[in-house]
Ligand code: R5P
């Protein structure tokens, strides 16, 4: 049955939500958010009572964004159907108990989300999807990133996964592009420091794109770039789905000799040159009455 969809955005996904609404040709709700003097968040979605199908779009890179997501779901509780799109689901990397007594944060946060269906983009570990009480689906933005890389007209390009966790992402992108692929072996030393084992990749004289799901502090990209340069790579680019990019990550990456950073708009950053709006709109296409 076709219903009239309203896109409802939280503070972290305003650009993407606007693009999804434009792509679907549907209503974009007017949402107000602010912070009380004591730091508590306030949120109000205007004219939501008459909406029968709400699609909430809100990434959760910070705790405050997560609170906003919970507030959005609560504010929309008069709707017949609530689908929640969390383009970047924070805490997904704490997907298991690495040490005794740790919280499985991804599970704790997923459990608190009530919805008819949850959608996310390239979740760090697909196993996390089972932590949501609602059916949950992760859509794949790698083809969109691949299309962008193809448009860059690189010289004898190669895609490199900086660790084993990024192998599927990098391999599928390289296969779509019909270019070479390799991966590194990473050991994490601390939150900011990693050690990458050389595998002497065949990168001499070639343009190389390091592709990871997340770039956070930039430590992984910096260390991988160093090794690629040592092995004769001509130009190195860094690409990811989720540009978390904390603190001086962008500076560190450029200072390491990277030519450019390519990322999607699951998080709204200056390097978010690939949009996932069409990918998200595809989920709901055919379900909406154009307005
Ligand atoms: C970890 O497993 C992820 O896939 C990324 O490799 C990691 O989050 C990158 O972090 P950073 O940019 O801080 O090295």
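All of the numbers you see were taken from the coordinates with simple rules; none came from a lab. Owing to the predicted nature of the structure, the values given are computational and were not obtained by experimental measurement. Positions of Cβ are backbone-derived with ideal geometry, glycine not excepted, and every protein chain shown enters the neighbour counts.
Worth pointing out:
- Extent along principal axes [Cα atoms of region 43-108; Å; largest to smallest]: 48, 20, 19
- Principal semi-axes of the equivalent ellipsoid, √(5λ) from the alpha carbon gyration tensor of region 22-159, are 28, 23, 16 Å from largest down.
- Extension gain, residue 74 to residue 152, is 23.7 nm, computed as 0.36 nm per intervening residue step minus the present C-alpha separation.
- In the chain, helices alone account for a calculated mean residue ellipticity at 222 nm of -8000 deg cm²/dmol, with every DSSP H run of four or more residues adding -39,500 (n - 2.57).
- When the alpha carbon gyration tensor of region 1-101 is reduced to an equivalent ellipsoid, the three semi-axes, largest first, read 26, 17, 13 Å.
- Region 130-243: relative contact order as a whole-number percent, Cα under 8 Å and 6+ apart: 25 percent
- Separation of the residue 4 and residue 255 label points, Cα + 7 Å toward Cβ, nm: 5.4 nm
- Kirkwood-Stokes translational diffusion coefficient of region 140-207, alpha-carbon pairs, 4 °C, 1.567 mPa s, µm²/s: 101 µm²/s
- Cα-based equivalent ellipsoid of the chain: semi-axis lengths in Å, sorted from largest, via gyration tensor: 35, 21, 16
- Rel. contact order, % - alpha carbon contacts under 8 angstrom, at least six apart, region 40-185: 16 percent
- Sequence-separation-based contact order of the chain, relative, with Cα cut under 8 Å and 6+ spacing, percent: 17 percent
- Folded to 0 to 90 degrees: helix 14-24 orientation relative to the chain principal axis, Cα: 70 degrees
- Pairs of Cα atoms in region 103-234 fall into 5 Å distance bins, from 0 up to the last occupied one, in shares of 2, 10, 18, 18, 17, 14, 10, 6, 4, 1, 0 percent.
- The Cα center of region 240-280 and the Cα center of region 5-53 differ in position by 24 Å.
- The convex hull built on the alpha-carbon positions of region 219-291 has an orientation-averaged projected area of 6.5 nm².
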